[in-house]
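The values are calculated or read from the model by the stated rules, or taken from the named source; none is laboratory data. Small disclaimer: the values here were computed from a predicted structure and weren't measured. Quick reminder, even Gly has a Cβ in these numbers, built from the backbone with ideal geometry, and neighbours come from all protein chains shown. Note: accessible area is taken over every heavy atom of the protein model, side chains too, but ligands, DNA and RNA are not part of it. Shrake-Rupley method; radii C 1.70, N 1.55, O 1.52, S 1.80 Å.
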Protein chains: 2
Amino acid sequence: MSVETLDHLTHSGIEAQKIPAMQDLDASKLAIELTKSPRKVPELNSAGVWSCKECTDHTLELASKNKLSFAYPSSVLTVTWLEGKGWGTPKIVPYGPLTIMPTASCLHYATQCFEGMKIYRGYDGKLRLFRPDRNCARLVTSSARVSLPIFNPVELEKLLKALMKIDGAKWLPKSEPGNFLYLRPAVIGNGEQLGVSAPPEVLLFVIAVPWPDLSTGWNPSTDKKAPGLKLLASKNDTRAWPGGFGYAKVGANYGPSFVASTEGRKKGYDQILWLFGPDYQVTEAGASNFFIIWTTKEGKMQLITAPLDDKIILDGVTRRSVLELAHERFIVGSEYLDSNIKPLEVVERTFTMAEVVEAKNENRIVEAFVSGTAYFITPVSAINFQEEEFSIPMGGGETGYFAGALKKWLMDIKYGNVDHPWGVIVEED
Amino acid sequence: MSVETLDHLTHSGIEAQKIPAMQDLDASKLAIELTKSPRKVPELNSAGVWSCKECTDHTLELASKNKLSFAYPSSVLTVTWLEGKGWGTPKIVPYGPLTIMPTASCLHYATQCFEGMKIYRGYDGKLRLFRPDRNCARLVTSSARVSLPIFNPVELEKLLKALMKIDGAKWLPKSEPGNFLYLRPAVIGNGEQLGVSAPPEVLLFVIAVPWPDLSTGWNPSTDKKAPGLKLLASKNDTRAWPGGFGYAKVGANYGPSFVASTEGRKKGYDQILWLFGPDYQVTEAGASNFFIIWTTKEGKMQLITAPLDDKIILDGVTRRSVLELAHERFIVGSEYLDSNIKPLEVVERTFTMAEVVEAKNENRIVEAFVSGTAYFITPVSAINFQEEEFSIPMGGGETGYFAGALKKWLMDIKYGNVDHPWGVIVEED
């Protein structure tokens, strides 16, 4: 299956289950090595959680010898690479350091991609993943974009469940419903050759780590709560470009963005609002998607976000879920909508900072929020554009109505307050 | 010193020596651990050389605890990070795998950059680096672009020499003049926190590896010699963009380019000729800079290459050297120029594929070549643009006159046939 075809599949809404197995990634071959040195689970909201480094007891590891791709092979090594073709045996091993040669592709050429997802301990006592099929399919798309091997995403989903079946009960105890772990699948180019081309060996691994809830605005180092994100619109730094890779969750989109975000933090802003082009198109915020709710000049209420067409923004799983829920629940006559709230029109199209500023000047902005796995649904409280900061309404409190409703609906799904196909139960012993 | 200032310094031609020490990188603190298991040096042009993985006996390693930069620190860990601030003791240790936590920034967020340089065993028996000050200064620029710490490049140059003083005699024996090793300094984000921000720990390392001579067109796996590179001009894939990071030698420029280069190789092309914008500006080729020599419509001979102004192409050390040599030696009345060869005008400006195609149609193209550390000076034999391939003159043989002259002059400097300030001698015991 070509990169183009796969890309089309995973971006066109076709379910991941329909993508056939390209390599022999096979969850049924899983080998498990249980740890002899159990790790300590950090207390809720403790320093350990905020450190984002206290991984769970085990790592899911999947090494591969990929097909020969180095441009200047020696005949001896050619055989070795071809012999090792395809995905190996998936293993669950005790958490610990990776051994990586200094020549490995992932350290030099950013042959790396990852997923961000969470696993939730529900109020019904069950463990749930949220739409894991979408994350697994996107990891395949991202892998292909940086010349890493593709795989059957259905098998990866099985492996994620297997890892959580082992570490879930201890790290997300049933006695603490409403908590979550951050799951990080990653694919990296490995091996020993420094040549500038697709890596001949690849490692897929998955770790799970307690993660702070970034959506509330509470920072334990200051014990201050500041709901709402302040965004700095960046005119000079461009995150992505048509013909580039902004749509893929590849490492190359992140490291180069840190200069702008660090500068933003120094100026008192939580995230960068990434703009594109001479007309300052609004794309995404930080590492999250960005939504505005405004009243149009014609008096319609509208939820607007940047489109996927030009492939410069990430096809966020939360973004997609927000759009789908809004289409279903913010419409005229919805039982979910408060009777005193106007229904919304849901729009994906290119929009510019000029439109945002005009709407602000005419008091037409109702709310804004970001969506993503790390920040979930977090309202935006202010935007700085061209050295001028303007505030965004937040319903007079910690969130506006629409962001609040979306967050509650999604939490109900994730924590099992309602039955919904997006909340995928992980069986435990 | 801010990123902007540094950037300006290293891009404006100011010598690296004038950049003050920003962190306490100090070559005089170097600690050396000699190997107890000497590695085998591969034979010249053997499979081992073409594998690009047979590193020398030792690695130069420099771990750092950088200043606190994670946005959501816990108070306990804050102290730990601040205590470890600044560059640690440089060490030379036996070559071997790195131990990297699965949460390390370099594996997920492409917080990584590198340099490509070579060390040469001269015909006078001496070891030489080629303009190492420029590579060391560029590594500082690249580090800053992906939020890695900056350092005094002069200290790094001292450390490179210390590494080669240990491994040079064995891996580049005096009995084999005219050979070289590839030197790879790299800076990677390390540490244990998965948070999406600048890494709190950093590792600088340097390895040296035998590397094939890619400039001759000889491939040992087929034993066929095909001088000249065939380039595929890419209309759909964009390597870099204004406001991005195309000027820096960061991993993020490489991995995402492999899809296009692999597709190119399948179609029979050695490298991608990267274009930019709706007018198909010619930027660089593969991971090398790109030059054309043509006759203008007015009848002038001209050497043309893309400019550095918009920061989308790499500021190549070989590119800079080609321009400086051309300015000095291809001018009217130069003693270096054959009497029957017309002098050149040297031009750095944006030029487009339309200009190239017009020059081809009017038989005005004289030569084209790429420049870089890996490919040195390699002539271009053909370009495919919009499904049409056209050939480029190569002087009727293995190289055109100008590419040939530049290559010879640079080799004379690198291998000590002439004394030149660009050839920096590495003292040996």
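Given the structure, is B:Asp167 farther than 30 Å from B:Leu308 by Cα, outside any strand (DSSP E or B) and of a type in the set (D, E, K, R)? So B:Asp167 fits the description; yes.
Tally up the residues in segment A:363-414 that are closer than 23 Å to A:Ala260 by Cβ, aliphatic (A, V, I, L, M) and part of a loop (DSSP other than H, G, I, E, B), please.
Quick first cut of segment A:363-414, residues closer than 23 Å to A:Ala260 by Cβ only: A:368-376, A:378-392.
From the residues that got through so far, the ones that are aliphatic (A, V, I, L, M) too are A:368, A:370, A:374, A:380, A:382-383, A:392.
If we keep only those that are part of a loop (DSSP other than H, G, I, E, B) as well, we get A:374, A:392.
The number of residues fulfilling the criteria is 2.
Of the residues that sit in segment A:183-197 and are open to solvent by 10 Å² or more (accessible area, probe 1.4 Å) and within 7 Å of chain B (Cβ to nearest Cβ), which one is modelled with the lowest pLDDT? Ranking the qualifying residues of segment A:183-197, first place goes to A:Glu192.
Being under 30 Å from B:Ala110 (Cα atoms) and β-branched (Val, Ile, Thr) is the filter here, so list the residues in segment B:132-181 that pass it. Spell out how you get there, then give the answer.
First, the residues of segment B:132-181 that are under 30 Å from B:Ala110 (Cα atoms): B:132-164, B:167, B:180-181.
Within segment B:132-181, B:Val140, B:Thr141, B:Val146, B:Ile150, B:Val154 meet the criteria.
All conditions but one from (1) without any contact (Cβ under 8 Å) to a residue 40 or more places away in the chain; (2) crowded, with 23+ Cβ neighbours inside 10 Å; (3) more than 17 Å from A:Phe351 (Cα to Cα) apply to A:Gly333; the one that does not is (2). Only residues that are in a helix (DSSP H, G or I) and more than 7 Å from chain A (Cβ to nearest Cβ) were counted in segment B:234-260, giving 3.
Among strands (runs of 3 or more DSSP E) lying entirely in segment A:77-163, which contain 1 or more residues that are at pLDDT 95 or above? Once the strands (runs of 3 or more DSSP E) in segment A:77-163 are filtered for at least 1 residues that are at pLDDT 95 or above, what remains is A:112-114, A:117-121, A:127-130. For segment B:95-119, a residue qualifies if it is open to solvent by less than 10 Å² (accessible area, probe 1.4 Å), more than 7 Å from chain A (Cβ to nearest Cβ) and not hydrophobic (A, V, I, L, M, F, W, C), and the qualifying residues are B:Ser105, B:Glu115, B:Gly116. The listed residues are A:Gly423, A:Gly372, A:Gly395, and the only one of them that is closer than 20 Å to A:Pro177 by Cα and touching a helix residue (DSSP H, G or I) at 6+ places or on another chain (Cβ under 8 Å) turns out to be A:Gly423. Restricting segment A:372-388 to residues that are touching a residue at least 12 places away in the same chain (Cβ under 8 Å) and not hydrophobic (A, V, I, L, M, F, W, C) leaves a set whose member that is surrounded by the fewest Cβ atoms within 10 Å (Cβ to Cβ) is A:Gln386. A residue that is within 8 Å of chain A (Cβ to nearest Cβ), among the basic types (Lys, Arg) and either in a helix (DSSP H, G or I) or surrounded by 22 or more Cβ atoms within 10 Å (Cβ to Cβ) (or both) can be found somewhere in segment B:261-271. Of all residues in segment A:341-367, those that are under 18 Å from A:Lys235 (Cβ atoms) and open to solvent by less than 40 Å² (accessible area, probe 1.4 Å) have Cβ atoms under 6 Å from Cβ atoms of residues that are of a type outside the set (Lys, Arg) and outside any loop (DSSP other than H, G, I, E, B), 6 or more apart or on another chain, in A:Phe351/A:Val282; A:Phe351/A:Ile304; A:Thr352/A:Gln281; A:Met353/A:Phe385.
Filtered by the rule that a residue be hydroxyl-bearing (Ser, Thr, Tyr) and within 22 Å of B:Asn190 (Cα to Cα), segment B:120-151 gives B:Thr141, B:Ser142, B:Ser143, B:Ser147.
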